[in-house]
1. Given the options 201, 211, 196, 175, name the one that is closer than 25 Å to residue 38 by Cα, modelled with pLDDT under 90 and in the same structural domain as residue 241 (by TED's automatic domain parsing).
2. Going through segment 5-52 one residue at a time, which ones are within 19 Å of residue 98 (Cβ to Cβ), of a type in the set (D, E, K, R) and part of a loop (DSSP other than H, G, I, E, B)?
3. Looking only at segment 47-58, decide whether some residue is among the charged types (D, E, K, R), surrounded by 12 or more Cβ atoms within 10 Å (Cβ to Cβ) and at pLDDT below 95.
4. Can you pull out the residues in segment 31-46 that are of a type outside the set (A, V, I, L, M) and at pLDDT 95 or above?
5. What's the total number of residues in segment 205-228 that are assigned to a helix (DSSP H, G or I) and in contact (Cβ under 8 Å) with a residue 24 or more places away in the chain?
6. Out of the residues in segment 78-97 that are part of a helix (DSSP H, G or I) and touching a Ser or Thr at 6+ places or on another chain (Cβ under 9 Å), state the one that is surrounded by the fewest Cβ atoms within 10 Å (Cβ to Cβ).
7. Looking at (1) closer than 19 Å to residue 209 by Cα; (2) at pLDDT 95 or above, find the lone condition where residue 140 falls short.
8. Please find, among 189, 153, the residue that is assigned to a helix (DSSP H, G or I), in the same structural domain as residue 234 (by TED's automatic domain parsing) and in contact (Cβ under 8 Å) with a residue 60 or more places away in the chain.
Amino acid sequence: MPHPQKKYLEAFQICGKQLQECMDELGDRPYAWLKAEPRNPAFADLIFRVGNRVYAVLLVRVEHAHGQRGKPTHLQISLPTTERNLFLTECERYNMTPLFFPMWMDSMAPLSMGWNLLIPESGAFLDPATEEDTSQPVPMSDWELCNFRGSVVLRHLREQHLQILSWQDIPGICPHIFFRASDNALCWVIVTAEDPSEKLPDAAEINSKLPDSPDDVRGYVARVGFRSTRDPASPPVRGDSFFINFSGLEAMQPY
């Protein structure tokens, strides 16, 4: 994974800090960061949950803004059409609310104080603190399930003091995690459900597509199962706590 550009990292940190300050003012209302670091590939820059609503945030650069202070009626932003379309499509697929975080082109300063989140279609500001939860429990999307399983595996690797090189949580794209073993060997992990009958990609085929990888790169699968503490028989829903079933990494071929 290439290192993100310095300017992007600065913008990312500014956005994350401003949103965190807003979350700190939510009081007893539950929230959680689901994506709070740069990843590749990714369709959104940051993703968080307030109550049972998930918000996906894309950083956008503002060239011009016209209208009342704090409530622009028109924005001219710099954002490729393909990136915008991918963002909106994936948010719809995974039941997320898509939002722009606008920042001035030259200074990288946020357009406004507070949440500074714009609805792409209307350009109106949205305040997650005033959005009510939906009346019914919301099932976790495929992305949320993949993200949750990945977080379990990452915690396992970090507890062993292994170096995480990169990770991504896009369903259907493998591998999900790259890390260094204790002997410094390059390793990757496919994160999946606990069902042993689930078909997995071929390890040799994955290795053949990795650029400049040594022949001894190691592939593993991590099967992660979880059940709601509220109702173990029900599908996972947003905001639940879980019983986790994870027995460690399984080698996809002998090493």
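1. So the residue among 201, 211, 196, 175 that is closer than 25 Å to residue 38 by Cα, modelled with pLDDT under 90 and in the same structural domain as residue 241 (by TED's automatic domain parsing) is 211.
2. 39, 45
3. Checked against the condition, which is being among the charged types (D, E, K, R), surrounded by 12 or more Cβ atoms within 10 Å (Cβ to Cβ) and at pLDDT below 95, segment 47-58 yields no hits at all.
4. Matches in segment 31-46: 31, 33, 35, 43, 45.
5. 1
6. Per the criteria, the residue is 93.
7. (1)
8. 153
The values are calculated or read from the model by the stated rules, or taken from the named source; none is laboratory data. Computed from a predicted structure; not experimentally measured. Glycine also receives a Cβ, built like all others from the backbone with ideal geometry; neighbour counts cover every protein chain displayed.
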